[in-house]
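Computed from the coordinates by the stated procedures, all read-outs in this text should not be read as laboratory data. It should be emphasised that the depicted structure is a prediction, and the values quoted were computed from it without experimental measurement. Note: ideal-geometry Cβ built from the backbone for every residue, glycine included; neighbour counts use all protein chains shown.
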Protein chains: 2
Amino acid sequence: MSDLFAKHADRLEAALEACRVRGAWTPFVESPSRRLHPEGAHEAGRAAFEARLGRSFDLDLPGSRGRLGHEISPWTAAPLGIDYPAVDPDALLGAMQAALPAWADTSPRERVGVCLEILDRLAGQVFENAYATMHTAGQGFMMAFAGSGANSLDRGLEGIAYAWRALSDVPEGAVFERSFGKGPVRLEKRYRAVPRGIAAVVTCASYPAWNALPALFANLATGNPVVVKPHPTCILPMAMVVATAREVLVEAGHPADLVTLAADTVEAPVTQALLDHPAIAIVDFTGSQAFGAWIELHCRHKRVYTETSGCNAVVLESVDALEPVLDAIATSFCLFSAQMCTSAQNVFVPPRVRTAHGPVDREDVSAALAARIDALTDDPAHAAALCATVQSPRTVEQVHALALGVDVVRAPVPYSAPGFPHARTLTPLLARAKGTDTVYRREHFGPVGFAIEALDAGRALARACEDAREHGSIASYVYSTDPAFRARAEQAFWRAGASVGFNLVRQSPINFTAAYSDFHVTGLNPAGNACLTDLAFVADRFRIVQSKTEV
Amino acid sequence: MSDLFAKHADRLEAALEACRVRGAWTPFVESPSRRLHPEGAHEAGRAAFEARLGRSFDLDLPGSRGRLGHEISPWTAAPLGIDYPAVDPDALLGAMQAALPAWADTSPRERVGVCLEILDRLAGQVFENAYATMHTAGQGFMMAFAGSGANSLDRGLEGIAYAWRALSDVPEGAVFERSFGKGPVRLEKRYRAVPRGIAAVVTCASYPAWNALPALFANLATGNPVVVKPHPTCILPMAMVVATAREVLVEAGHPADLVTLAADTVEAPVTQALLDHPAIAIVDFTGSQAFGAWIELHCRHKRVYTETSGCNAVVLESVDALEPVLDAIATSFCLFSAQMCTSAQNVFVPPRVRTAHGPVDREDVSAALAARIDALTDDPAHAAALCATVQSPRTVEQVHALALGVDVVRAPVPYSAPGFPHARTLTPLLARAKGTDTVYRREHFGPVGFAIEALDAGRALARACEDAREHGSIASYVYSTDPAFRARAEQAFWRAGASVGFNLVRQSPINFTAAYSDFHVTGLNPAGNACLTDLAFVADRFRIVQSKTEV
């Protein structure tokens, strides 16, 4: 077996340094530009994806009992026609339990080496992954390539780096010498980081890899086998990750069953039964607040890490120029139809927004925001690149239903995606709300924005922070040219347990959250209890046992 | 305000290094020998303790509503006559909430400096603390001085060191520069470690400081105010710690109410109501498995750290000489009347124990063990130094009740403590048990040992490990001259989530667990979920919020 750790040591070292200084860094390629990839890579990736359609996904899992799979492309509305093994949880987890002891005994160095090799192998599949993500999550090609490619690989590498740091904190051994009543004593001590057990990584439908990779690698590196439970409408990208992980594990001389897949269908979900299983020791969950709360309640004897959702606020206090700010907000409403956990939702607008060219009335702000959304979505090609599709038909229904009950500034209408006549599309609903309304005080998943009447910027801030504390926030945005207001806002959001971005315009999209630089989810509000990535994300995935021997 | 961090920086640096190499180190003095302390220190400490008797303990807490306190010395059977404030939890926690924001905004450096100063101040009170611990916990003077003094201060310093490491992992800020679609962007990012909220530190009656100090300091250093909830029969040592912490906080310009005391009585306990209070965000608990399980069940929205108890095993496989091994085990049965969480309880004995002088029959081993207990306790002065007292009358009752239902090898009898005619004493019960019995498969708190018939050493090991996994283990002991058996035993205990000591004889007592060197409690068996001290003990006591500003 080659030394995989040594092979990737430079990359790991660079990632550790990036985590330390938290600037911008990536070893992966964000752009699909032909000149940055080997010749034919794009075509080969697309062909590999297409070759998967209409076939059984090749995955030899223990406990297989039939096949399932009903993924439908949000772009083409056609079934992918791929089926996956349906598994018996007892048999699957039994095989994983059998694989656990040897993996627990494997050195952290070897485990981290295997993780780095899996990651590297995944980095070679970014074109295929982009098409798989497009036609399950419904992302646009560019986002599927960059966000579900390089950006997700970065979060995975960050997870490996943190796991390595936490594991490295435990020495292999020590010599302890001191005198007791009976004279000097020498003890040889050995320490071992012991995994908790099998981890279930439950992934979401719209952006699976970004959360799955850090959880997968944080678990695997610390010795915990991983069963990936993908959303039934978005299995393929995760099945590819699982297949690649199993391939690398076997090549490196380890059991494939350290990483498995428990696919299910919308009609016959297995998640609750799987998470309830006594063999599951760790749960990593990305999805709705409601299900996250169920897990935190029911899986209390397991170590649970959640990322759910929030009602992300924008507070408009003052700007130099209004147009780029409204463009940034409108872009956040449109981008991937606001199906990102960092998408803006609630724009608090005081009666007048100060600008370098004089104050602008609230109604003019709302109208300009709606106009900006129109401008971003008028051209179908641009709309397709920006909005992509809506992953679930239920989201479309919910947005239309919401529109019936709110004060509509801009109605949600589909756009025609060039080349994809059956694409499920919807441009943003923009609704007007009073500060005292409750409709905006929860996440509305999908392309929904509120322009909320605030009495003044101070009260806008107070309400945004109260919502963050009580209903969750993953990203909050403040626009203010006043350093005193920004300082006050920073403190207010921090007190509410929420992170905040100021005057984000040129960082486009404002939603962007960078591995190695941005701590994602604070754990202090209802939007989740885990952070990508801090020491707490990894340090409790293993426990320490020791021996001491008198010599 | 002086720079407390700088004042103690060398000590912190040395502690960090000790945590890294995990050898033997302490900056504190374990021996009360006169030549190691300033002249008159012992007398002054005793006088300070005596001056507290029969008076109100001076502690000006918010929400005070009357006084309480019914501590009785296990050595003299006399009430200490000290009363403490009874507090209204709402008012107390309200004042702590008010003190929280400024402490959260205080730099980690300053907070750690304050913690180091508190620790140093406590190190100046070790004689007074020893007497306070003697006459509440019932420890002997030497243990109260060393174990509840230097050894506990070491665990406190270790907690501060780990907190500092985890906090230092989060930089204060970063500059993030990269290009987006709209060209290069520069973001200034700020990161802040935000405390979770008020921590309740629930301490036990027999050995409070050893667990309380690391929890207190880990919380305080990471920004969480601490309310100490002492066992109602062992308040004084904790009240002294709280008073000292408040004194240092005020001197350093911080609110005293960052550290408070919630004393109660056996008749009117407040622990459950306190822990249920929504203002409590963190619970650190040392005590029984049953109450620990209640906390883990009921406080599921709080971050809970527990250390409870186990039925600690001894597996006798083979020895060079039997006498020193039986002496080590008998000493563990006797030491502080086996009221330590690392006390041995279950000695698994195969039909014959191999020694360098030939095999010894099981019955001879049991008899020799009983004889060794007799020898250790025959001399009253020696018995007093070793066994000290039994903290609770209930423990004595339970041991006598147990003796009625088991096969007694050695009956539990009191000894007469010289100078303390009313001391509550009890030398160990040694009972014979069959491997199939269930009586030994739980902790019997106090001076109880079982000599358990094992078919062979392999089955002894298997049963000891099964008990550790199912019923908890904090310390396990194996005696074997066979490296292959030791290797097998190490793996078996590790698989069971338990740590193990081999051939401990000259490390006397075998119970001894060293700060900076021994990881205490694994979190993988029912004996608790937290470890003194690893990164997981500190890393999740705070969360990270950030801001980013486009410039």
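Things to note:
- With both labels modelled 7 Å from their Cα along Cα-to-Cβ, the residue A:251 to residue B:300 distance reads 4.2 nm.
- Backbone phi angles across region A:504-513, fed through the Karplus curve with coefficients 6.51, -1.76 and 1.60 (θ = phi - 60°), yield HN-Hα couplings of 6, 9, 7, 6, 10, x, 5, 4, 4, 10 Hz in residue order; Gly and Pro are listed as x.
- Note on A:486-496: average number of Cβ atoms from other chains within 10 Å of each residue's Cβ is 3.
- Pseudo-label separations to other copies for residue B:66 - Cα-to-Cβ vector, 7 Å, nm: 6.6
- Electrostatic bookkeeping for residue A:524 treats Lys and Arg as +1 and Asp and Glu as -1; over the other residues with beta carbon under 9 Å from its beta carbon, the sum is +3.
- Computed E for residue B:487/residue B:37 - FRET, C-beta separation, R0 41 angstrom, nearest 0.05: 0.35
- Estimated dipole of chain A in Debye, rounded to 20 [Cβ of Lys and Arg +1, of Asp and Glu -1, Cα centre]: 1200 debye
- Coupling constants for region A:383-393 follow from the phi torsions by the Karplus curve (6.51 cos²θ - 1.76 cosθ + 1.60, θ = phi - 60°), and in residue order they are 4, 4, 5, 8, 7, 6, 10, 9, 4, 10, x Hz; glycine and proline get x.
- Residue B:310 long-range amide H proximity, modeled H, under 5 Å: B:474
- When the protein assembly as shown is reduced to its Cα atoms, the Kirkwood hydrodynamic radius in Å: 31.1 Å
- Only beta bridges with both residues in chain B are counted; by DSSP, about 45 percent of them are antiparallel.
- Within 10 Å of the Cβ of each residue in B:166-179, the mean number of Cβ atoms contributed by other protein chains is 4.
- Whole-angstrom Cα spans of chain B along principal axes, big to small: 81, 64, 47
- GluC sites (Glu not before Pro) within region B:71-143, DSSP loop, no more than 16 other Cβ atoms inside 10 Å: none
- Under 25 Å from the Cα of residue A:189 - lysines, other chains or at least 8 residues apart: A:548
- Karplus-derived 3J(HN,Hα), 6.51/-1.76/1.60, for each residue of region A:89-100, Hz, glycine and proline x: x, 4, 5, 4, 5, x, 5, 5, 4, 5, 7, 5
- Cα centroids of region A:438-473 and region B:67-117: 39 Å apart.
- Amide H contacts under 5 Å for residue A:433: A:451, A:452, A:453, restricted to partners 5 or more places along the chain or on a different chain, H placed in the peptide plane at 1.01 Å from N.
- In degrees, nearest ten, helix A:236-251 long axis to first principal axis of chain A (Cα): 20 degrees
- Summing +1 for each Lys or Arg and -1 for each Asp or Glu among the other residues whose beta-carbon sits under 15 angstrom from that of residue A:394 gives -2.
- Other-copy label distances relative to residue B:97, 7 angstrom Cα-Cβ extension, nm: 4.6
- Inter-copy label distances at residue B:397 (7 Å, Cα→Cβ; nm, one decimal): 6.3
- Share of pairwise Cα separations in region A:313-502, more than 29 Å, in percent: 18 percent
- If you plug the beta carbon distance of residue B:400 and residue B:293 into 1/(1 + (r/R0)^6) with R0 = 22 Å, you get a FRET efficiency near 0.25.
- Each principal axis of the Cα atoms in region A:278-323 has its own extent, and those three values, largest first, are 57, 15, 13 angstrom.
- Ordering of A:213-219, B:35-41, A:426-432 by packing is A:213-219, A:426-432, B:35-41, highest average first (other Cβ atoms within 10 Å, averaged per residue).
- Local charge for residue B:286 was computed over the other residues whose Cβ lies under 14 Å away, with Lys and Arg +1 and Asp and Glu -1, and equals -2.
- Remark: C-alpha extents of region A:86-192 on the principal axes read 73, 33, 18 Å, sorted largest to smallest.
- Amide H contacts of residue B:284 (H built 1.01 Å from N, under 5 Å, at least 5 apart or other chain): B:200, B:201, B:202, B:305
- Value at 222 nm in deg cm²/dmol, rounded to 500, when DSSP H runs of n ≥ 4 in chain A each add -39,500 (n - 2.57): -13000 deg cm²/dmol
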